[in-house]
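Note sheet for the following structure.
The values are calculated or read from the model by the stated rules, or taken from the named source; none is laboratory data. Not measured: the values here are computed from a predicted model. Every residue, glycine among them, receives a Cβ derived from its backbone with ideal geometry; neighbour counts consider all protein chains shown.
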Ligand SMILES: Cc1ncc(COP(=O)(O)O)c(C=O)c1O
């Protein structure tokens, strides 16, 4: 069995393009007879070296293991970060972020964000004495006004879920830095292949790797990619947020299994081609939806009339493959359209190779501001004409009934 030090990586990896690093940074066979694909190491326990424990060897799988190390190394590289921590789900990564705060601390979050984060805050963290404000992050002046002297963290999600609002990561990360707040970007909808928050000045990029990074709807996971510990506000040399997050990951143990890490690393190899193809299709579909008689409004940052189009163009390499649109009609019309599809799968979640869509309001919490006639579409890898034909026939059938 190899030690941490003998895990291989391509020579001169730092000069390679991210697409290449996604294939070679976690594992590169550099010895004759070495497998092209890394082994899956299911062991939960590892033999100690002769003179007891050492930082150069694995000991217990909750703390670290070969497959997790390979995945964390690749994610760190794709995001040009200093470190990455992987978790058993996106929400476990979210939870870790709130756990490093203290009672009385205040967090600024977007008014439109993944509803699971809002539910976690309302159901769990208010009891713990954390305080929160939800603000329109497209208005940096509002963000400044909502801050208090106990604000510790600024949470961004861009494009937001489900309204695809675009937040200026560079401007808000600067505001956070000036005020000593930790800036976090939930980058689940874009991935490092499209948008790299750390390069735009944010401290931490957060992922539900369940979505595009996994890409095949067959593995749950989460990740935090971090800039250097001394660059993240909120700690001193002994007790940094980065250090607290790593300790929390190991102590609390909400970690993915070695097989989940192995699957995730396999998926990262095709991330760039998947998301590029899916985005080309999404752009075509968003354009066709615009102006369709049965569609009231389309939300997609690749459209010129999207209010965040310019900022999206500056901070995203591509507009991504998620589209929301409101049908002409009410909740019933949208529900009927989603059920009328023959190809697009009515399902929650997103980022898989199969196209999925859902009536978003029914997936969210009571009192959500998401319009009742809104459908959220995750464009997959099917031929775009087949996806479009299915949308058209679904919109037609929902009118006929
Ligand atoms: C933007 C975003 N962040 C976080 C999560 C939570 O991830 P997970 O379901 O892997 O816990 C989701 C899940 O849908 C999401 O869409």
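Search the stretch 123-138 for residues being in a loop (DSSP other than H, G, I, E, B) and touching a strand residue (DSSP E or B) at 6+ places or on another chain (Cβ under 7 Å), and hand back the single one that is nearest to residue 105 (Cα to Cα). Applying the filter and picking the extreme gives 130. The residues listed here are 198, 120, 175; of these, the one that is outside any loop (DSSP other than H, G, I, E, B) and surrounded by fewer than 16 Cβ atoms within 10 Å (Cβ to Cβ) is 120. Screening residue 113 with (1) more than 12 Å from the ligand (Cβ to nearest atom); (2) in a loop (DSSP other than H, G, I, E, B); (3) touching a strand residue (DSSP E or B) at 6+ places or on another chain (Cβ under 6 Å); (4) within 28 Å of residue 194 (Cα to Cα) gives one miss only, at (1).
Among the conditions (1) surrounded by 24 or more Cβ atoms within 10 Å (Cβ to Cβ); (2) more than 12 Å from the ligand (Cβ to nearest atom); (3) closer than 20 Å to residue 140 by Cα, the only one that residue 192 does not satisfy is (3). Has the stretch 364-386 got any residue that is without any contact (Cβ under 8 Å) to a residue 24 or more places away in the chain, at negative phi and in a strand (DSSP E or B)? No, every residue in the stretch 364-386 fails to be without any contact (Cβ under 8 Å) to a residue 24 or more places away in the chain, at negative phi and in a strand (DSSP E or B).
What are the residues in the stretch 178-189 that are within 12 Å of the ligand (Cβ to nearest atom) and outside any strand (DSSP E or B), if any? Across the stretch 178-189, the qualifying residues are 187, 188, 189.
For residues that are touching a strand residue (DSSP E or B) at 6+ places or on another chain (Cβ under 8 Å) and free of Cβ contacts under 8 Å to residues at least 60 places away in the same chain, scanning just the stretch 220-235, find the one that is farthest from the ligand (Cβ to nearest atom). Filtering the stretch 220-235 for residues that are touching a strand residue (DSSP E or B) at 6+ places or on another chain (Cβ under 8 Å) and free of Cβ contacts under 8 Å to residues at least 60 places away in the same chain, the one farthest from the ligand (Cβ to nearest atom) comes out as 233. Among residues of the stretch 123-132 being within 16 Å of the ligand (Cβ to nearest atom) and surrounded by fewer than 16 Cβ atoms within 10 Å (Cβ to Cβ), the one that is nearest to residue 232 (Cα to Cα) is 124.
Within the stretch 202-219, the set of residues being within 10 Å of the ligand (Cβ to nearest atom) and part of a strand (DSSP E or B) comprises 206, 207, 208. Criterion applied to 339, 324, 349 was being within 16 Å of the ligand (Cβ to nearest atom), surrounded by fewer than 18 Cβ atoms within 10 Å (Cβ to Cβ) and either farther than 23 Å from residue 188 by Cβ or in contact (Cβ under 8 Å) with a residue 24 or more places away in the chain (or both), and the one residue passing it is 349. Out of curiosity, is residue 135 closer than 30 Å to residue 377 by Cβ and away from the ligand (no atom under 16 Å from the Cβ)? Yes, satisfied. In the stretch 80-108, of all residues being part of a loop (DSSP other than H, G, I, E, B) and within 16 Å of the ligand (Cβ to nearest atom), the one that is farthest from the chain's Cα centre (by Cα) corresponds to 88.
When the stretch 136-150 is limited to residues that are surrounded by fewer than 20 Cβ atoms within 10 Å (Cβ to Cβ), at pLDDT 95 or above and in contact with a helix residue (DSSP H, G or I) (Cβ under 8 Å, 6 or more places away or on another chain), the one that is nearest to residue 79 (Cα to Cα) turns out to be 136. Filtering the stretch 160-172 to residues that are surrounded by fewer than 22 Cβ atoms within 10 Å (Cβ to Cβ) and in a loop (DSSP other than H, G, I, E, B) leaves 163, 168.
Residues considered: 238, 199. Of these, the only one that is more than 16 Å from the ligand (Cβ to nearest atom) and modelled with pLDDT under 95 is 238.
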